[in-house]
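These notes are about the structure you will find just below.
The values are calculated or read from the model by the stated rules, or taken from the named source; none is laboratory data. None of these values were measured; they are calculated from a predicted model. For neighbour counting, all protein chains shown are included, and Cβ atoms are generated from backbone atoms with ideal geometry for every residue, glycine included. Quick note on the areas: whole protein, heavy atoms, side chains included, nothing else; ligands and nucleic acids left out. Shrake-Rupley method; radii C 1.70, N 1.55, O 1.52, S 1.80 Å.
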Amino acid sequence: MAAELLLGAERVSVRIGGRSVLSEVSIALHAGEVVTLIGPNGAGKTTLLRTLLGLLPPDSGRVATLPGLILGYMPQRLTIDAALPMTVGRFLALAGKLASLHIASVAAEAGVTHLLGRPVQALSGGEMQRVLLARALMREPQALILDEPAQNLDAAGQSELFLLLDQIRRRRGCGVLMVTHDLHVVMAAADRVVCLNHHVCCTGQPEAMR
């Protein structure tokens, strides 16, 4: 039995400022799988994520989502005013009305329990990435959309993060769609790879992308 389709684009095209950014792009994310999106800078990867999230309407084509789908999104970066006093615990609590009920369990799952009392502004790049992942998990998502989750991490940190992501998707049964530039990540963490350069250049299992 095929896994449930969570999110997909069908022949989606997007133009920004009169320039074609995406051209007839099709992609699908199913429950329990990890799909990695790769491509050069400026290829339209973040634009595709924004379109899938409903933040940017396509000029043509369509985005299909499972009815009632709950998404968790981890942005490439997040800037918080240095003058704004906010601990990690408070930052996670802002995820929604019921977030405070899940902070302890999600923090433990993401490995950030020891950071809950720390100011967000005092975190290292790697610590912030884990906190952003925890924030994405707060709504109990069926699909995780991650934009460059391994940035600011050394090789050991990347390995730990992708092992954690694998554990999360197996435990929760959620789908994971992530952007990365690191081909080692593709080989280690993905079930399927989509290579994008304004259009889909190729797609397949990691072994076929060598």
Tell me which of Asn41, Pro58, Ala108 sits at the most positive position along the dipole axis of the chain, charges placed on C-beta atoms (Lys, Arg +1; Asp, Glu -1). Pro58
Using a 7 Å offset from Cα along Cα-Cβ at Thr87, what residues in region 111-126 end up with backbone N under 11 Å from the label point? 115-120
Show His114, His199 ordered by accessible area, largest first, where the area counts protein heavy atoms only and the probe is 1.4 Å. His114, His199
Which angle from 0 to 90°, rounded to the nearest 10, does the C-alpha axis of helix 155-172 make with the longest principal axis of the chain? 80
Label zone at Ser105 (point 7 Å along Cα-to-Cβ), backbone N below 17 Å, region 111-137: 111-113, 134-137
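Hey, with R₀ at 25 Å, roughly what FRET efficiency would His199 and Leu55 work out to, going by the Cβ-Cβ distance, to 0.05? All intermediate terms of the calculation are to be shown ahead of the outcome.
Values: r = 21 Å, r/R0 = 0.83.
With R0 = 25 Å, the Cβ-Cβ based efficiency is 0.75.
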To the nearest Å, what is the center-to-center distance of region 75-126 and region 2-32, using C-alpha atoms only? 31
How far is it, in nm, from the label point at Ala64 to the one at Leu5 when both lie 7 Å from their Cα along the line to the Cβ? 0.2
Could you give the nm distance between label points at Leu78 and His181, where each point is 7 Å from its Cα heading toward the beta carbon? 2.2
The chain: relative contact order in percent, alpha carbon pairs under 8 Å with at least 6 residues between: 30
Keeping all protein chains in place and using 1.4 angstrom, which order do Val200, Val88 fall into by accessible surface area, from largest down? Val200, Val88
How much accessible surface area, in Å² rounded to 10, belongs to the heavy atoms of Arg192 with a 1.4 Å probe? 60
At 1.4 Å probe size, what's the solvent-accessible area of Thr51? Round to the nearest 10 Å². 0
Report, to the nearest 10°, how far helix 125-137 tilts away from the longest principal axis of the Cα atoms in the chain, using its own Cα long axis and a range of 0 to 90°. 80
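Considering only DSSP beta bridges with both partners in the chain, what is the antiparallel share in %, to the nearest 5? Walk me through the numbers on the way to the answer.
Values: 18 of 35 bridges.
Rounded to the nearest five, the antiparallel share is 50 percent.
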